[in-house]
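Since the structure comes first, as structure tokens, the remarks are kept for the end.
The values are calculated or read from the model by the stated rules, or taken from the named source; none is laboratory data. Please read these numbers as outputs of a predicted model, since none were measured by experiment. We place every Cβ from the backbone using ideal geometry, glycine too, and count neighbours over all the protein chains shown. Keep in mind that these areas ignore ligands, DNA and RNA; they rest on the heavy atoms of the full protein, side chains included. Shrake-Rupley method; radii C 1.70, N 1.55, O 1.52, S 1.80 Å.
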Amino acid sequence: MKIRRLFIFLALIAACFYFVEGIAEAGGNLPGDPTGAGERTGKSQVPIDFIWLMYCASIVLFMKAGVCFFGGFLRQKNMLNFSTHVFMDSCSGSMAFWFIGGAFLLGGSELAAGYEHGNWFMGTSGFMNVGRAYDITNVTFWVFNCVFCTISVSFIACAVAERMKLVPYIIVSAVFCGWIYPVFGHWVWGGGWLAHLPFGSGVWDFSGSSIVHMQGGIVAWVGAIVVGPRIGKFGKDGKPRFFKPHNVFYGYIGIIILWFGWFGFNPGATLLGTDLRLTIVCINTFLAAASAATTMFFLSIAMTGKVNIAQVCVATLGGLAAITCSCAFIPVWAAVIVGVIAALCYRGGKYLMDWVFKIDDPLDSVAVHVWSGMWGVLSLGIFADGSYEGVRGILYGDAGQLLAQFICVCASAAWAFANGFALFLILKYTCGVRVTKEQEEMGLDQAYHGVDAYPGRAHEEGEAA
Amino acid sequence: MKIRRLFIFLALIAACFYFVEGIAEAGGNLPGDPTGAGERTGKSQVPIDFIWLMYCASIVLFMKAGVCFFGGFLRQKNMLNFSTHVFMDSCSGSMAFWFIGGAFLLGGSELAAGYEHGNWFMGTSGFMNVGRAYDITNVTFWVFNCVFCTISVSFIACAVAERMKLVPYIIVSAVFCGWIYPVFGHWVWGGGWLAHLPFGSGVWDFSGSSIVHMQGGIVAWVGAIVVGPRIGKFGKDGKPRFFKPHNVFYGYIGIIILWFGWFGFNPGATLLGTDLRLTIVCINTFLAAASAATTMFFLSIAMTGKVNIAQVCVATLGGLAAITCSCAFIPVWAAVIVGVIAALCYRGGKYLMDWVFKIDDPLDSVAVHVWSGMWGVLSLGIFADGSYEGVRGILYGDAGQLLAQFICVCASAAWAFANGFALFLILKYTCGVRVTKEQEEMGLDQAYHGVDAYPGRAHEEGEAA
Amino acid sequence: MKIRRLFIFLALIAACFYFVEGIAEAGGNLPGDPTGAGERTGKSQVPIDFIWLMYCASIVLFMKAGVCFFGGFLRQKNMLNFSTHVFMDSCSGSMAFWFIGGAFLLGGSELAAGYEHGNWFMGTSGFMNVGRAYDITNVTFWVFNCVFCTISVSFIACAVAERMKLVPYIIVSAVFCGWIYPVFGHWVWGGGWLAHLPFGSGVWDFSGSSIVHMQGGIVAWVGAIVVGPRIGKFGKDGKPRFFKPHNVFYGYIGIIILWFGWFGFNPGATLLGTDLRLTIVCINTFLAAASAATTMFFLSIAMTGKVNIAQVCVATLGGLAAITCSCAFIPVWAAVIVGVIAALCYRGGKYLMDWVFKIDDPLDSVAVHVWSGMWGVLSLGIFADGSYEGVRGILYGDAGQLLAQFICVCASAAWAFANGFALFLILKYTCGVRVTKEQEEMGLDQAYHGVDAYPGRAHEEGEAA
């Protein structure tokens, strides 16, 4: 089994070096502008764009704490292992994004020095921020996109939580950050084929409902299928069973952190602090979350007489996932409607996953990121009012935009399903993806880390190191 | 009882529509400037003002996590219910603020397109950010004021915690965000009568000690009176009894988050990132918190020989609540003094509430927000040194300013008491405000949410969904 | 013993007043510019620099929450006391920094009005932000430097946790913030002798590996020596023993908050939002943390077959501590290497502390801040590529820079050891630094605060106040 692991690792390295050849050409003796001397004097870029993006990137990084707190909805015995997945996505995942992902995503977009080369399918320059890509503008976009990508991959961690092996997860994380996400992202954000569709204004996805949410969400779906349900999730009658969360309070902290982070996630996607549309982005993001939460709050009371806190928290996330695509393009009242429908999409998606598809998704990752996210991509094609970039939805006279958005949804799903299955099946038949029954019952914290999440007063007397 | 609820709901809706008529006029065929094209070319507003306000708004939103962590000073069995109050303030509360509150607060201030109409009492334009109010500047101010308002309402949640019914609380939250807070806010910030008092320079309240803190704090006081003390809070001898907090550590996390958030709360109230006085605001805010905490730390040691952590945390909040009004107007040394006295005001206010008024205020919300807040409003009339907006306190020669601030305190208290009592008494005699004895003893988490805050390892085996 | 305490206090006050005399001269009738009117019209400073620094300062303040969460690696019975140390560093510590520290650090740097006077050893103007130091630029630098200093002092809290007396710790905190840190900081940042060394470009330490990390870390080392190991830390055979953490999950939250905060800590040290090199700082900071974490993750698996979460979290911190010095000067690929080596330095340093020096450092404060920090200071002398401020390391042709950095390490260690020992030994032989055996076994939360960190459901019935 160790040999298999080694083989996979070597194959990955080899693939990397193939692309890294690009560095020689791109980087040679054409240095970028790491000091920004050029920027300061002539170009239209101003410092405000840089500090805006760095501020946004930083609070998106902080969203990781919110995702970790969402682990409160898992069982206590797996809390640390889940958090390890989420944390390592930012670490080993960003190493992969640095090595190849950033270049695949942004190469050819011509957003900055070092990102000159790319084609309709993928970028081919800007690897590892060396040579011309050692440039103040280049690294700004890299950091901002890296934190996006490493959030997206954590949606997979949510869906495979409590039962996936650790190192295979790290490989999934690296491949997602280095290949799956960047290539699809290139199609929309990097000047790839979706951005140039001849319908409407081509596909628009402001902060990435189809990229961040659907790529992460669909690979999460695939992961949940391949890894299989947790022991005891489905009873002998085939009906889903419910594991009580171990810390419900963490759900509120998690969603507040995520909501906060979305103030960097969405408005930051203007890429320019001087694009004043960012304020419309802020209010739309804020109101979609609020309306989704309010909808779920009253729906929960109406359905059960009590307020299901987990569902209120996750529905808020659904509102945020949906508005991510359309936030810059739609009027304020439409954002409220997007939020309301996103909450219903999440709740419906959760029902489908539990009762129809019978797939075990511990943190409703798929329901939120795929179903609410898909609604978000389409919502742009409905409500866009033409006040930004001239994009109009079907309500404002352009049915073509809705078609473009629909194609985007299909392409996103197809790419993520295809790559996700390939990746998870290769892992399943080489190093395996599922922990043993003993490990699962013991809890992955003990199995992989030899420690409980909250030992509390146990063992205060000390033991041999 | 359900009929009563319905009636109230309909009455609210009717009231809303009455005012929303204003939209037709304001919004008709006079669109705002949602793209900011006008801003970019001619006006004095610059992007820095927008990103500054959006940054500040985002960390004020994050303060909600701090308020939730303060729930650690409650009993464990009510943690989730308290957090639900706090979270829904940001959701259903901001819906009410979007529907009517923002227009009542800012209409007539002429701060932005859509806010043209208003009078000495309230604003009458800018509802729901449609029409002319669909404008980049307008929505910026809306978002910033919305997060302020939805923090203020959570002070009520603190005072009625552990014993108030859930849906009536949501109604209180909506009425506060849609009516009580916006109208008083209009008096000071929206060009209402207090701003034009003929004493000193008229009332000045930089970030809202009399608005955010006193409005929230006094309605909280009313709520605590009407809802009544928790079972067992006062012994048979009438003496207050003390419920042990369930998580003291959360207090530190809460106050650090709140302190952090105040770096958006106070300096953001310049409304302009280009108003460089914001740096004086930052240092004053920082030092008032530090001096209040230090004062309470040593006072606590002097009084009991131990350090009472809850009181140190809440006293820090008192320092912040006080400096909120005067932060931009006073010299640095005065901020230290404001903090010291704010800590004493809090401690004295707590004594009054517990031993003299015998009102049960689980998180010392009234002591902090009313007593320290009131001191803050007056402190501006004492220490303002004329270096900002020409405002001088009595120490620098203008006794009239102190008089204006005193009138502001009285008006704030009168408005909040009158509206608070009307609201809570209507609710008390229609749908009721107090949970049953059984629910209170069981804990509101089980009663309203059917789950404990921290189930931990319980029920790990799963149960029927 | 009380008399001794009084004596120390009076001596400190006397020393303060000596220096505060400077105010009369500096402050007299030469006011600063608290409104910024001058800034807005003529000077090169622009608002963006101010909001950038205030944003950075605010998230550095928030890092305190991260440090508190690191207390999860301690035993539960001391959690509150540790958090009190950390919190009071920001309160009483910043009072000391306001009183004298800021002036000692920045006086003579001529960065702003009020900071005109100083010499090679220390600054002598700008006390208490009065007079000319009541100026928008002055207070901006003060706030930014204050949050740095009050983070640094908390590294001492980490090393003396679970066994140091409370009030002596507060004295250490005040002396560190008022004297030890500012004076050494002046040597590098305030125009002191290290900044003008005739080797390379003189010492450069961008955000303070030698200042924030090494000063705090070495005084922490001294503290750990003087206070002595916790009962039971070393077995009868002299081998170190291991106390189980009480909450491992908090480690992840802590490190994510700290990582987030470093987005203010390092790029803020440009002191100018218009110095676009800050984007290179961001990517280098980000990647050093990621590579350090990834290194420790795989190292941990290789060494033990399991992932030691505490070590992964602390190694990430090591990567951040190291890159703090060199982040602005080195290319991106070098930042990855700095992170990898920092993780090894931390792990080696921890081995030395535990097994060779046999010093009890509960949170590996010394291993991270001294060993990784020292590597960081030297790394600038190796990898600096000349693209910023013309600073070149030995790889780019300037061996003198490495010599300068080496001298900086030695000076930092010498100053901190000398002052640290003087301070701790004076305290030891006057008021004592170590709690009693009974207190230590009972836990400091009960001993000093009379309450547990997490009482949970205990005592819900209330008790006499």
Check your understanding: Is it true that C:A289 is under 30 Å from A:Y448 (Cβ atoms), part of a helix (DSSP H, G or I), in contact (Cβ under 8 Å) with a residue 12 or more places away in the chain and of a type in the set (G, A, S)?
Key -> yes
Check your understanding: Does at least one position in the range C:407-417 carry a residue that is open to solvent by 30 Å² or more (accessible area, probe 1.4 Å), more than 30 Å from C:P331 (Cβ to Cβ) and without any contact (Cβ under 8 Å) to a residue 12 or more places away in the chain?
Key -> yes
Review point. So is B:L395 within 23 Å of the chain's Cα centre (by Cα) and open to solvent by 20 Å² or more (accessible area, probe 1.4 Å) or not?
Key: no
Review point. What about B:F298, is it among the aromatic types (F, W, Y), crowded, with 24+ Cβ neighbours inside 10 Å and in a helix (DSSP H, G or I)?
Key: no
Practice item. Would you mind stating whether A:A157 is assigned to a loop (DSSP other than H, G, I, E, B) and either open to solvent by 20 Å² or more (accessible area, probe 1.4 Å) or on the phi < 0 side of the Ramachandran plot (or both)? Key: no
Check your understanding: Would you pick out the residues in the range C:227-248 that are more than 10 Å from chain A (Cβ to nearest Cβ) and over 22 Å from C:K77 (Cα atoms)?
Key -> C:K236, C:G238
Check your understanding: Within the bounds of the range B:125-142, is there any residue that is more than 13 Å from chain A (Cβ to nearest Cβ), of a type in the set (G, A, S), in contact (Cβ under 8 Å) with a residue 24 or more places away in the chain and farther than 28 Å from B:D445 by Cβ?
Key -> yes
Study note, to complete from the structure: Scanning the range A:249-283 residue by residue, the ones that are more than 9 Å from chain B (Cβ to nearest Cβ), part of a loop (DSSP other than H, G, I, E, B) and buried (at least 24 other Cβ atoms within 10 Å of the Cβ) total 1
Practice item. Test each condition in (1) under 30 Å from B:G32 (Cα atoms); (2) part of a helix (DSSP H, G or I); (3) out of contact with any Phe, Trp or Tyr (no Cβ under 9 Å at 6 or more places or on another chain) for A:G390 and report the one that comes out false. Key: (2)
Practice item. Would you tally the residues in the range A:67-109 being within 9 Å of another protein chain (Cβ to nearest Cβ) and closer than 17 Å to A:S152 by Cβ? Key: 11
Check your understanding: Within the group A:V391, A:V451, A:V370, A:V433, which residue is closer than 25 Å to A:L317 by Cα and either modelled with pLDDT under 95 or of a type in the set (V, I, T) (or both)?
Key -> A:V370
Point to revise | Conditions (1) modelled with pLDDT of 95 or more; (2) within 30 Å of A:S326 (Cβ to Cβ); (3) open to solvent by less than 40 Å² (accessible area, probe 1.4 Å): number failed by A:F421 | key: (3)
Practice item. Give the residue that is surrounded by the fewest Cβ atoms within 10 Å (Cβ to Cβ), with candidates limited to residues of the range A:125-154 that are aliphatic (A, V, I, L, M) and assigned to a loop (DSSP other than H, G, I, E, B). Key: A:V130
Exercise for review: Determine whether the range C:97-108 contains at least one residue that is farther than 26 Å from A:M54 by Cα, open to solvent by 10 Å² or more (accessible area, probe 1.4 Å) and assigned to a loop (DSSP other than H, G, I, E, B).
Suggested key: yes
Point to revise | Among the candidates B:A418, B:A413, B:A404, B:A422, residue that is small (G, A, S) and touching a Pro at 6+ places or on another chain (Cβ under 9 Å) | key: B:A404
Exercise for review: Mind telling me which of the residues C:I225, C:I180 ends up being in contact with a helix residue (DSSP H, G or I) (Cβ under 9 Å, 6 or more places away or on another chain), modelled with pLDDT of 95 or more and either aromatic (F, W, Y) or open to solvent by 10 Å² or more (accessible area, probe 1.4 Å) (or both)?
Suggested key: C:I225
Check your understanding: Is it the case that A:I341 is under 21 Å from A:I256 (Cα atoms), among the aliphatic types (A, V, I, L, M), open to solvent by 10 Å² or more (accessible area, probe 1.4 Å) and more than 10 Å from chain B (Cβ to nearest Cβ)?
Key -> yes
Check your understanding: When the range A:181-222 is examined, which residues are found to be among the aromatic types (F, W, Y) and either closer than 25 Å to A:W98 by Cβ or part of a loop (DSSP other than H, G, I, E, B) (or both)?
Key -> A:Y181, A:F184, A:W187, A:W189, A:W193, A:F199, A:W204, A:F206
Check your understanding: What about C:G381, is it at pLDDT 95 or above, more than 18 Å from the chain's Cα centre (by Cα), open to solvent by less than 20 Å² (accessible area, probe 1.4 Å) and not aromatic (F, W, Y)?
Key -> yes
Study note, to complete from the structure: Conditions (1) open to solvent by less than 10 Å² (accessible area, probe 1.4 Å); (2) more than 20 Å from B:L53 (Cβ to Cβ) -> B:Y115 fails only (2)
Review point. Within the range C:320-327, is there a residue that is within 10 Å of chain A (Cβ to nearest Cβ) and of a type in the set (A, V, I, L, M, F, W, C)?
Key: no
